[in-house]
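The values are calculated or read from the model by the stated rules, or taken from the named source; none is laboratory data. A quick note: this is a predicted structure, and the numbers were derived from the prediction, not measured. Here the Cβ is made from the backbone with ideal geometry for all residues, glycine too, and neighbour counts use every protein chain on show. Ligands, DNA and RNA are stripped out before the accessible areas are found, and what is left, the full protein with its side chains, is counted by its heavy atoms. Shrake-Rupley method; radii C 1.70, N 1.55, O 1.52, S 1.80 Å.
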Amino acid sequence: MLFGRKKRKPITIPDKKVKEWKYTTCNYCSTGCAIEIGLSEEKRIVTTRGHAGADVNRGKLCIKGLLEHELFESPGRGTEPLIRDKHYDKFEKTTWDNALDTTAQKIKEIQDKYGKDAFAVVSTGQLLTEEFYTLGKLTRGCIGTNNYDGNTTLCMASAVSGYKRSFGSDGPPGCYDDFEHTHCFMAFGSNLPEQHPVIYWRLKEALEKRKFPLIVVDPRVTMLAQFADIHLPITPGTDCVLINSMMHVIINEGLQDQAYIDAHTEGFEAVKALVQDYAPEVAQHQCGIDEDRIRSVARLYAKAPSAMSIWTMGINQSTHGSDGVANINNLNLITGNIGKPGGTSLSITGQCNAMGTREWSSCSGLPGYRALENPEHRQEIADFWGIDPEFFPKKRGLAQTDIFPAIETGDVKGMWIVATNPMTSMANTPRIRKMLESLDFLVVQDVYADVETNQYSHVYFPASVWAEKEGCHTNTERRVSLISNVLPPYANSKPDFWIFNQMAKRFENGQKIKFPETPEGAFEEMKQLSKGSNPYGNERTLDISGMSYEKIVKARGIQWPFSEEMAEEQDKASGSLKGSPRLYTDGKFQTPSGKANLICVDFYDNNEKPCKDYPFWLNSGRVVEHFHTRTRTGKIGNCNKFSPTPYMEMNPDAAKELGIEHQTYVRLTSRRGDAVVLVQLTQRVSRDMVFIPFHFHDCVNRLTVGLLDPYSRQPAFKQCSARIEKVDQEEAARLNAERRNY
Ligand code: SF4
């Protein structure tokens with residue numbers, strides 16, 4: 001009997017009265033789950049479910065995907081374009097023509113007065129790939145600013161940089177199917193159950209079929225660490241020391257794959273010499289992992305018939321994130337674990353289409369992994385678009401994390417922010433607020449009018465969301481999937497693709513360049529640009545020429561490379577069009593010699609670290625209910641209900657010393673600012689560390705320093721120091737509520 005009831009209430013599944021299911025893809029994280037949207041007889045969207053026939057998620061979804069259909073009519077959505085003279089004036093509604101004309105005119109005024117690069121464009125990892133391609137065409141080909149970047153600099157830039165340095169090109173070489181083949185799995189700074197729940201489910205499924213060791217490197221006892229066979233609670237920011245020490249053991253005990261090293265890599269002797277300084281008995285004092293544990297993990301990894309590493313922000317968001325990625329690649333190259341089933345270096349991407357922006361947005365170069373620094377690439381794209389190659393800059397401009405400081409120096413006077421929310425996502429937000437306030441002109445394009453950054457804009461473009469649009473995503477394993485258009489845009493919002501096309505018409509080069517009317521038309525252009533070879537004569541890895549919207553839907557996603565020839569071959573052989581699960585299977589890399597680079601990664605210690613005045617490491621990360629700055633999930637009832645407020649994990653022993661109790665508010669202070677946060681006592685964090693989810697406005701990023709990686713310009717969100725003070729509980733509760741509108 002349950003709670004005194006005499007009869008159990010039968011479990012019923014409410015009938016949502018779905019008349020039709022429509023295929024699409026989840027628009028949150030990079031897992032790339034296929035979703036079916038349920039429409040009622042009246043064509044209203046009533047529910048979502050995982051697509052059982054899709055290889056990625058096989059019917060599963062996490063809480064965000066299950067509730068994603070609630071986005072369409074969620075509170076705070078932008079309904080009309082808005083305009084105002086000063087950012088502190090009240091917004092007035094306006095027409096699309098006026099909003100676009102005003103913006104184009106302001107861009108031209110700023111560029112005429114201060115130079116082309118005085119107007120910056122800051123984009124995202126959450127648009128559709130055709131939208132990225134079109135925004136790149138507009139920014140590089142028409143507006144002509146070189147200060148163009150995306151918020152992927154906050155999450156994936158180190159992975160991109162590390163891949164390019166090691167393999168000569170971006171592009172994760174592995175896939176989820178590698179879980180089914182690996183004999184040793186090592187996760188660096190990656191908490192899959194909360195970050196990428198369905199990838200975690202794929203890993204668990206593989207582990208249920210066949211046991212293999214799960215090693216987790218993380219300073220915090222994350223959910224993944226709780227399930228690990230071996231947890232290495234590393235000192236923050238010392239991954240390079242651990243990996244160098246593992247390589248020291250592997251090389252000195254002769255466990256490396258010398259045949260693979262000789263045939264497919266360059267630089268082994270230099271790495272071998274460098275790692276001699278990282279004997280486990282020395283390294284243990286820097287990385288906090290004891291020498292025996294370093295030796296046993298190194299042997300386990302090297303002796304496994306195949307071993308793989310994954311990583312996420314624990315590596316990327318660091319002052320040596322790019323080095324960390326290059327060093328993970330080193331580990332896999334010297335053990336022969338690249339391009340074979342179960343042996344890979346797989347960066348788990350953050351945003352749903354972080355890969356799409358890397359491939360096609362032209363943020364750091366030109367479309368299709370082309371480089372601004374390469375004259376042939378500039379000529380090729382200029383010819384394809386029909387403009388003068390001299391219009392392109394000859395090297396990459398500023399990254400997002402350098403664009404904002406350029407406002408302070410007066411080099412950037414105006415900005416267009418597309419689908420990103422720096423007022424919550426950037427490090428040291430008090431400084432970002434001042435920068436945004438001082439812009440001559442700011443236009444914000446977002447699904448939500450109440451996104452925090454919009455407080456500082458002069459023009460607001462209301463954008464359509466998810467399946468109100470059509471186009472592709474590329475997921476973590478290079479799989480291109482389609483977002484089908486299921487609903488018309490909400491109110492007077494417009495697809496981002498339409499907004500970019502309309503803006504292009506207002507620039508001189510916009511009259512010369514063809515801007516296809518439909519996303520599918522843009523996809524056809526991208527296919528053309530993906531054919532052929534790289535400057536060293538190797539086939540282009542990013543080849544999507546064999547794909548079409550129809551084929552993508554039929555296969556529920558296709559992994560690139562997928563050339564026209566491959567499409568024909570796979571069709572003839574099995575009728576199934578899956579593409580290429582792995583890169584570099586032939587050991588040929590995208591470098592001049594065709595060999596991968598082994599890179600010497602020496603450790604340098606430049607983090608802000610705990611000290612007498614600020615005695616705690618401040619760490620941050622994701623919770624499963626929310627996505628990034630809660631712009632969308634903060635509006636979804638159940639996501640918000642399960643995770644309504646920021647909290648701080650604190651070790652009970654440390655709390656006892658300070659007289660702090662569970663579920664009381666404290667004030668956390670760093671050298672940048674302060675935040676009020678609710679304490680959750682847990683052994684997940686060590687005595688000298690606290691952890692706060694990064695999603696909440698006016699919280700952890702008021703404190704972070706965000707020192708930058710020298711290669712990727714990605715900020716070290718996860719390494720800074722803070723102190724904790726008691727506060728008046730009523731005032732703290734008031735402040736906590738006041739700082740968040742939803
Ligand atoms: S795991 Fe990621 S892609 Fe899959 S449903 Fe959840 S948020 Fe969407």
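Results, tabulated for the structure shown:
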quantity	calculated
Positions within segment 672-696 being within 17 Å of PHE642 (Cα to Cα) and either of a type outside the set (Val, Ile, Thr) or open to solvent by 50 Å² or more (accessible area, probe 1.4 Å) (or both), in sequence order	LEU678, GLN680, PRO693, PHE694, HIS695, PHE696
Residues of segment 565-605 satisfying the condition of being farther than 30 Å from ALA54 by Cβ and hydroxyl-bearing (Ser, Thr, Tyr)	THR591, SER593, TYR604
Residue in segment 2-17 that is in a loop (DSSP other than H, G, I, E, B), open to solvent by 30 Å² or more (accessible area, probe 1.4 Å) and of a type in the set (Gly, Ala, Ser) present	yes
Hits in segment 616-627 - residues which are in a loop (DSSP other than H, G, I, E, B) and either within 18 Å of SER318 (Cα to Cα) or open to solvent by less than 20 Å² (accessible area, probe 1.4 Å) (or both)	ARG622, VAL623, HIS626, PHE627
Residue match in segment 232-243 (condition: within 16 Å of the ligand (Cβ to nearest atom) and within 23 Å of ILE289 (Cβ to Cβ))	no
Leading residue by the ranking (modelled with the highest pLDDT) among those in segment 18-54 that are open to solvent by 20 Å² or more (accessible area, probe 1.4 Å) and among the β-branched types (Val, Ile, Thr)	VAL18
Yes/no for ALA279 being modelled with pLDDT of 95 or more, surrounded by fewer than 18 Cβ atoms within 10 Å (Cβ to Cβ) and within 27 Å of GLN719 (Cβ to Cβ)	yes
Given (1) modelled with pLDDT of 95 or more; (2) buried (at least 22 other Cβ atoms within 10 Å of the Cβ); (3) among the hydroxyl-bearing types (Ser, Thr, Tyr), index of the condition THR541 fails	(1)
Scope segment 66-88; condition crowded, with 18+ Cβ neighbours inside 10 Å and out of contact with any Lys or Arg (no Cβ under 9 Å at 6 or more places or on another chain); matching residues	LEU67, HIS69, PHE72, GLY78
Residue list for segment 604-615, filter: surrounded by 15 or more Cβ atoms within 10 Å (Cβ to Cβ) and in contact with a Leu (Cβ under 8 Å, 6 or more places away or on another chain)	ASN607, GLU608
Test: residue in segment 300-314 that is more than 30 Å from CYS352 (Cβ to Cβ) and either in contact with a helix residue (DSSP H, G or I) (Cβ under 6 Å, 6 or more places away or on another chain) or free of Cβ contacts under 8 Å to residues at least 40 places away in the same chain (or both)	yes
Matching residues in segment 173-204 - criterion: being more than 16 Å from the ligand (Cβ to nearest atom), part of a loop (DSSP other than H, G, I, E, B) and open to solvent by less than 30 Å² (accessible area, probe 1.4 Å)	PRO173, GLY174, THR182, CYS184, GLY189
Scope segment 18-29; condition part of a loop (DSSP other than H, G, I, E, B) and either in contact (Cβ under 8 Å) with a residue 40 or more places away in the chain or within 12 Å of the ligand (Cβ to nearest atom) (or both); matching residues	CYS26, ASN27, TYR28
Where LYS211 falls short, out of the listed (1) touching a residue at least 60 places away in the same chain (Cβ under 8 Å); (2) closer than 20 Å to LYS340 by Cα; (3) charged (D, E, K, R)	(1)
Test for ARG58: is it open to solvent by 20 Å² or more (accessible area, probe 1.4 Å), in contact with a strand residue (DSSP E or B) (Cβ under 8 Å, 6 or more places away or on another chain) and within 16 Å of the ligand (Cβ to nearest atom)	yes
Some residue of segment 593-603 being on the phi > 0 side of the Ramachandran plot and either assigned to a helix (DSSP H, G or I) or surrounded by fewer than 18 Cβ atoms within 10 Å (Cβ to Cβ) (or both)	yes
One residue from ILE417, ILE403 being open to solvent by less than 10 Å² (accessible area, probe 1.4 Å), modelled with pLDDT of 95 or more, of a type outside the set (S, T, N, Q) and not in a strand (DSSP E or B)	ILE403
Test: residue in segment 235-249 that is aliphatic (A, V, I, L, M), open to solvent by 10 Å² or more (accessible area, probe 1.4 Å) and at negative phi	no
Verdict on THR94 being at pLDDT below 95 and either in contact with a Pro (Cβ under 9 Å, 6 or more places away or on another chain) or on the phi > 0 side of the Ramachandran plot (or both)	no
Which listed residue is within 16 Å of the ligand (Cβ to nearest atom) and assigned to a loop (DSSP other than H, G, I, E, B), from GLY38, GLY32	GLY32
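Residues are listed down the side, and each one gets a yes or a no for (1) among the basic types (Lys, Arg); (2) more than 28 Å from ALA225 (Cβ to Cβ):
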site: LYS641; (1), (2): yes, no
site: GLU661; (1), (2): no, no
site: TYR665; (1), (2): no, no
site: LEU678; (1), (2): no, no
site: ARG702; (1), (2): yes, no
site: GLU730; (1), (2): no, yes
site: ALA737; (1), (2): no, yes
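Residues checked against (1) buried (at least 22 other Cβ atoms within 10 Å of the Cβ); (2) over 21 Å from VAL271 (Cα atoms):
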position	(1), (2)
ALA206	no, yes
ARG210	no, yes
VAL216	yes, yes
ASP229	no, yes
GLU253	no, no
